[in-house]
1. Would you mention how many residues in segment 210-228 are small (Gly, Ala, Ser) and without any contact (Cβ under 8 Å) to a residue 12 or more places away in the chain?
2. Given (1) in a strand (DSSP E or B); (2) in contact with a Pro (Cβ under 7 Å, 6 or more places away or on another chain), identify the lone condition not met by Phe214.
3. Among Thr165, Thr148, Thr159, which is touching a Pro at 6+ places or on another chain (Cβ under 9 Å), farther than 24 Å from Lys47 by Cβ, at pLDDT 95 or above and not aliphatic (A, V, I, L, M)?
4. Restricting to segment 129-156, name every residue that is under 22 Å from Lys266 (Cα atoms), in contact with a helix residue (DSSP H, G or I) (Cβ under 7 Å, 6 or more places away or on another chain) and open to solvent by less than 50 Å² (accessible area, probe 1.4 Å).
5. Go through Ile215, Ile200 for me and flag whichever is under 29 Å from Lys75 (Cβ atoms), under 18 Å from the mean Cα position of the chain (by Cα) and not aromatic (Phe, Trp, Tyr).
6. Being under 30 Å from Asn280 (Cβ atoms) and either in contact (Cβ under 8 Å) with a residue 40 or more places away in the chain or open to solvent by 30 Å² or more (accessible area, probe 1.4 Å) (or both) narrows it down to one of Ile234, Ile164, so name that one.
7. Out of the residues in segment 246-300 that are among the acidic types (Asp, Glu) and within 9 Å of the ligand (Cβ to nearest atom), state the one that is farthest from Val144 (Cα to Cα).
8. For Asn203, state whether it is out of contact with any helix residue (DSSP H, G or I) (no Cβ under 7 Å at 6 or more places or on another chain) and modelled with pLDDT under 95.
Amino acid sequence: MNSTVKALAVLLMVTIACVYFSDSLSNYILYASRSEDDRWFARHLDKSVQPFLTEKNSVSKDAFDWWKQLQQLEKQSFDYYQRVVDSLLKTFPAISKGAERFRMCAVVGNSANLKDSHYGRLIDSHDVVLRMNKSPIKGYEEDVGAKTTHRLMYPESATDLDNITHLVLSPFKIMDMVWLEKALTTGFRGETYEPVRSTIRANKNLVMVLNPGFIAYVHRTWLRRQHGYPSTGILAVILALHMCEKVHVFGYGADSNGNWSHYWEKLKNPKLGTGLHYGNEEYQLIQKLAQDKKIHFFENSLF
Ligand code: C5P
């Protein structure tokens, strides 16, 4: 009896060891068989980082400290931040649902290179169409499409939405979260570094907020901690990599003078450049992702 139990115990241990080592071995073979490009991508894409703010996602102290100094207007503490988040989650319970997974996503930047591109129909054929800031659609459908499922914005770039578009706040300071709550309820009184809209139209059940920890991750991991901070455009691209099986990118690229000019207007400020963002680095990242076939980048050769 005793020896039978012993034999069974040994058998069990051998089985566990075999399962363990065959798993590690197959993981090792999988990793070793990946190309250098795949390994680079796997090192960067961290699926444990949650793109959206939810009840469960707390931001690390490091990430919070980095995020808090972005616009230097923010003097408030972590406790204050937590209170603002709690209040947001209470006002918009739907925020808590977090990220869903989608099949085919189009990310549409605001570059003037969309002019005469005729990408409209192609863009509209995607399950998800992410746009950002104030980019207009009416009158530009032929080149940019008519569908929007998600729009990233912050107070200074806000625009009204229809009832079926997700408002994705890209917060660059705590005040942006305060603004969101007020602008969709009682009205925001005050200004940030410039006057902002006191109210905004959007479906309160389709409000989402990027997790400051996600913005810190894009900065740290994808943009190698360059000066400045990620633009809404690059945040949208990395967000799509987290949400979608296939990512198609349209409307990215500065003009020949290095300005982030828009498809809907004549450039007003010839010294615009790429603002506080590392435009070249962001563009190179998009190109690398495209070369490695992690996204498809639709460049407009007419531009
Ligand atoms: O100008 P705006 O910030 O609204 O543009 C949204 C995003 O589109 C930018 O953050 C940038 O990533 C991208 N963009 C671009 N080339 C342009 C204009 C915008 O890549 N000429």
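The values are calculated or read from the model by the stated rules, or taken from the named source; none is laboratory data. Everything numeric in this text was worked out from a predicted model, so none of it was measured. A quick note on method: Cβ atoms are made from the backbone with ideal geometry, for glycine too, and the neighbour counts reach across all protein chains shown. Heavy atoms of the whole protein, side chains included, go into the accessibility calculation; ligands, DNA and RNA do not. Shrake-Rupley method; radii C 1.70, N 1.55, O 1.52, S 1.80 Å.
1. Within segment 210-228, residues that are small (Gly, Ala, Ser) and without any contact (Cβ under 8 Å) to a residue 12 or more places away in the chain number 0.
2. (1)
3. Result of the check over Thr165, Thr148, Thr159: Thr159.
4. Result: Met132, Asn133, Ile137, Asp143, Val144, Gly145.
5. Ile215
6. Numbers: Ile164 fails: under 30 Å from Asn280 (Cβ atoms).
After ruling out the rest, the residue left standing is Ile234.
7. Our first condition is that a residue be among the acidic types (Asp, Glu); within segment 246-300, this holds for 255, 265, 281-282, 292, 299.
Add one more test, that the residue is within 9 Å of the ligand (Cβ to nearest atom), and what stays is 255, 282.
Details: Asp255: 18, Glu282: 21 Å.
Only one residue tops the list, namely Glu282.
8. So Asn203 fails the test.
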